[in-house]
Amino acid sequence: MMKFITISIYISLCILFVGCKKTNSSTNEMCNCSVESIEDELELLCLKSKNDSMTLSMEITSDNMVNDYNYRYLGSLQVSSRMFEVLQKTVLSGQYKDAQRALVSIRFFTNGNLFGEYTGLNNFYSVKISSNNICIYNVETRSSKKINMKDSIPQLLFFHYNDKDSSSCGDLFYFRKN
């Protein structure tokens, strides 16, 4: 099964990059495909794989910026009468590999289309799906929260934790519907 998934990912990426028409440029060869279209293809591959132990990645390097895109399948959630497939998208961006900032979102798909996403997470958060719950763990503060998604998708998630100096803090994650 894993061999089939690996082969299908390889073939899909080959089709993506071979399908791009290259232009002659004095400094770089540029692809006419947009980053967004390649991102969409990676998301679809990730959704089709339904493999939560695999991360699909791509790196885009320009003269002064390095962007890494990582997609991971988290699982499926039954919310009311709707079934959602959930992905975690991580974008690492910066001038140098060791100085990148993270933008992490939890993306909800229905029938292969983006329904909405939680934004505001960073790479200190680890996200899992378990028994119709989204389980969020903050590696830095060692705090966790389990959110039940049985009835609805909350517009705001508040993740409470105690900071290093024992003050009460938290992060807000917003759900943006597509």
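Per the Kirkwood treatment, what hydrodynamic radius in Å, one decimal, follows for region 56-126 from the mean inverse distance over all distinct Cα pairs?
13.3
Could you give the C-alpha radius of gyration of region 113-164 expressed as a fraction of 2.2 N^0.38 Å, taking N as the number of residues it contains?
The value comes to 1.20.
Which order, highest average first, do 73-84, 53-64 follow once you tally other Cβ atoms within 10 Å for each residue and take the mean per peptide? Don't skip to the answer; put the middle values down first.
Values: 73-84: 14.9, 53-64: 11.9.
Result, highest mean Cβ count within 10 Å first: 73-84, 53-64.
Taking a quarter of the surface of the Cα convex hull of region 50-178, what do you get in nm²?
Averaged projected hull area, Cα only: 9.0 nm².
Would you mind checking the pairs K97/K177; K97/K145; K145/K177 and listing those with alpha carbons more than 27 angstrom apart?
K97/K177; K97/K145
No value in this document is a laboratory result; all are computed from the given coordinates. Predicted, not measured: the structure shown is a model, and the values here were computed from it. Ideal geometry is used to build each Cβ from the backbone, glycine not excepted, and the neighbour counts take in all protein chains shown.
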